[in-house]
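Written below as structure tokens is the structure these notes are about.
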Amino acid sequence: MEKNTVLLQDTEAFMRGELDNVTVSQNCVVLDLVQGSYVPYGCYTSAPIPMPLFDALRVSWNAASPDGTAVEAQARVMVDGNWTPWVSFGKWSPSLKREGPAYQERGPVQRCHDRLQLDSKCATMVQLRIYLYTKSEKLSPAVMLLGASVRVVDVIPAHGRPVNARLHLMPYAVARRAPALRPWMDAAIALASLTNRWGADLLPEEFAQVLRDWRAPDEYDPRNLSFTAAAAAQWGFPTWVAYGDLALLRAEARAGYGSVVRLQSTPAQAAAGMPDIRFAAVRGFAAIDGSPTVLLCDPYAGEDDFDCETSMPLDAFMVAWDGVALLMRQRKNNTPPLGRTRSSAWIRPVGTDAPGVYRMYINGEEHPLPDDFCAQGGILAYSLPDEHPHATTAHRRFTYVEPTQGGILLEHGDTPRKYTVYAIGTDGRMLVGDVTV
């Protein structure tokens with residue numbers, strides 16, 4: 001396949017574009033600083049990008065977006081020598097109730113929540129732009145990656161050189177994760193499978209909160225791949241969406257990288273309870289009994305985590321896979337998370353007024369949880385020590401609960417037990433603390 005994915009991710013690449021109230025600093029696009037204050041908004045526009053003939057486009061961005069800031073990616077394509085109008089992929093920030101845009105059709109262009117498609121026409125060029133917004137004079141978002149990937153037409157997909165590679169990814173089962181986040185949890189699990197092999201030790205729920213698309217339920221996939229790529233970058237992992245073929249997945253595995261793919265379930269799988277569309281992580285390729293096979297971490301494949309390490313005959317995989325992949329690179333040692341962090345909390349009993357209820361304290365100050373913490377999208381859970389240690393925290397067994405009187409209700413056992421309590425907000429920030437009850 002011809003080169004169909006372009007990533008802008010360093011000073012040299014960004015400087016080829018147009019800067020309007022923004023500047024490039026340390027390989028990132030940031031708002032201009034005027035007399036010690038950031039301007040309220042600015043825009044970066046890429047130079048036109050020639051592409052092979054294509055009929056679909058996906059846009060990716062990686063950005064640090066502190067509270068009170070946001071970014072908004074847009075794109076347009078050239079059809080029959082003319083540029084289409086700019087289309088938006090939605091304002092994005094972990095601290096927003098971010099929404100992918102509703103379906104819109106304008107001429108040959110169909111814009112879904114996370115992609116742009118062409119009906120009866122093909123395009124030859126792409127242009128990207130991204131707006132940066134801030135409500136604070138002291139804070140600016142920072143864009144470190146802006147990417148475009150197109151689905152090429154009239155090109156025979158390449159299968160690439162066969163590879164025998166098994167990557168040690170971390171399997172997690174949807175059945176063991178927070179039920180409230182289940183519609184998009186498989187995408188979050190696939191991200192955690194990739195990052196945790198590099199020692200990140202993240203919970204899928206942390207990813208699920210940041211990649212969540214809050215748009216009203218519609219007929220389209222509740223998972224937004226543009227938001228998913230942006231979510232992974234919040235913990236420092238460069239991630240983007242790409243249209244690809246088998247050669248791409250094989251090359252990623254050969255280089256030691258996993259990938260996230262979207263699969264169409266068979267009628268039998270759907271009857272067994274799998275969603276029509278599900279996400280899984282590719283952990284390698286092998287020849288099993290002489291037949292080429294794709295190795296997966298499929299979150300819907302079992303009730304227990306390690307039952308999710310599965311395999312699929314290559315032919316069946318190529319039928320199920322839609323040619324879209326999420327690709328990730330390892331976080332650099334000197335790259336801190338982009339704002340999604342954990343904070344330690346003290347867990348203390350409320351007292352005789354509320355027996356068995358424990359509240360969180362941060363820096364000595366009480367941090368009560370709102371009664372509607374979970375109703376508004378937050379996740380509250382606890383875990384107890386298991387019989388044996390686990391490779392990652394996410395492999396522990398979690399119990400998901402609702403707040404009680406601003407805290408969490410913990411049962412007293414016959415012997416003292418150590419509870420670990422987790423409170424994950426809709427912005428992906430997590431409070432975690434231990435208490436022996």
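The values are calculated or read from the model by the stated rules, or taken from the named source; none is laboratory data. Keep in mind it's a predicted model, so treat the numbers as computed, not measured. All Cβ positions, glycine included, derive from the backbone under ideal geometry; neighbour counts span all protein chains shown. Surface areas here come from the heavy atoms of the whole protein model, side chains and all, with no ligands, DNA or RNA. Shrake-Rupley method; radii C 1.70, N 1.55, O 1.52, S 1.80 Å.
Count of segment 408-425 residues, restricted to those that are surrounded by 13 or more Cβ atoms within 10 Å (Cβ to Cβ) and modelled with pLDDT under 95, is 1. When restricted to residues that are under 16 Å from PRO275 (Cβ atoms) and open to solvent by less than 40 Å² (accessible area, probe 1.4 Å), segment 173-203 contains 11. Filtered by the rule that a residue be among the acidic types (Asp, Glu), open to solvent by 90 Å² or more (accessible area, probe 1.4 Å) and either part of a loop (DSSP other than H, G, I, E, B) or touching a Gly at 6+ places or on another chain (Cβ under 9 Å) (or both), segment 352-405 gives ASP353, ASP371, GLU387, GLU402. Scanning segment 362-374 for any residue that is on the phi < 0 side of the Ramachandran plot and within 24 Å of the chain's Cα centre (by Cα) turns up at least one such residue. The residue that is farthest from ARG161 (Cα to Cα), counting only those in segment 26-60 that are open to solvent by 50 Å² or more (accessible area, probe 1.4 Å) and among the polar types (S, T, N, Q), is GLN35. Within segment 8-23, the set of residues being part of a strand (DSSP E or B) and either under 25 Å from the mean Cα position of the chain (by Cα) or on the phi > 0 side of the Ramachandran plot (or both) comprises LEU8 only. Among the residues of segment 220-238, those that are among the polar types (S, T, N, Q) and part of a helix (DSSP H, G or I) comprise SER226, THR228.
Of all residue pairs spaced 6 or more apart or on separate chains, those with beta-carbon atoms under 7 Å, a first member in segment 218-246 that is within 20 Å of VAL152 (Cβ to Cβ) and a second member that is open to solvent by 10 Å² or more (accessible area, probe 1.4 Å) and among the hydroxyl-bearing types (Ser, Thr, Tyr) are ALA242/THR5. For ARG359, are the conditions met, namely being in contact (Cβ under 8 Å) with a residue 40 or more places away in the chain, in contact with a Phe, Trp or Tyr (Cβ under 7 Å, 6 or more places away or on another chain) and not acidic (Asp, Glu)? Answer is no for this residue.
Would you say ASP213 is out of contact with any helix residue (DSSP H, G or I) (no Cβ under 7 Å at 6 or more places or on another chain), open to solvent by less than 50 Å² (accessible area, probe 1.4 Å) and part of a loop (DSSP other than H, G, I, E, B)? Against the criterion (out of contact with any helix residue (DSSP H, G or I) (no Cβ under 7 Å at 6 or more places or on another chain), open to solvent by less than 50 Å² (accessible area, probe 1.4 Å) and part of a loop (DSSP other than H, G, I, E, B)), ASP213 does not qualify. Could you tell me whether GLY258 is out of contact with any Pro (no Cβ under 7 Å at 6 or more places or on another chain), buried (at least 22 other Cβ atoms within 10 Å of the Cβ) and not aliphatic (A, V, I, L, M)? When the stated conditions are applied, GLY258 passes them.
The residue that is farthest from the chain's Cα centre (by Cα), among those in segment 271-303 that are within 21 Å of GLU219 (Cβ to Cβ) and open to solvent by less than 40 Å² (accessible area, probe 1.4 Å), is MET274. If you go through segment 74-111 and keep only what is part of a loop (DSSP other than H, G, I, E, B) and under 29 Å from SER140 (Cα atoms), you end up with PRO85, TRP86, SER93, PRO94, SER95, LEU96, LYS97, ARG98, GLU99, GLY100, PRO101, ALA102.
Every residue, every condition in (1) more than 19 Å from LEU7 (Cβ to Cβ); (2) open to solvent by 40 Å² or more (accessible area, probe 1.4 Å); (3) touching a Pro at 6+ places or on another chain (Cβ under 6 Å); (4) free of Cβ contacts under 8 Å to residues at least 24 places away in the same chain, yes or no:
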{"residue": "GLY100", "(1), (2), (3), (4)": "yes, no, no, no"}
{"residue": "TYR103", "(1), (2), (3), (4)": "yes, yes, no, no"}
{"residue": "LEU118", "(1), (2), (3), (4)": "yes, no, yes, no"}
{"residue": "LYS121", "(1), (2), (3), (4)": "yes, yes, yes, no"}
{"residue": "LEU128", "(1), (2), (3), (4)": "no, no, no, no"}
{"residue": "VAL143", "(1), (2), (3), (4)": "no, no, no, no"}
{"residue": "GLY147", "(1), (2), (3), (4)": "no, no, no, no"}
{"residue": "PRO157", "(1), (2), (3), (4)": "yes, yes, no, no"}
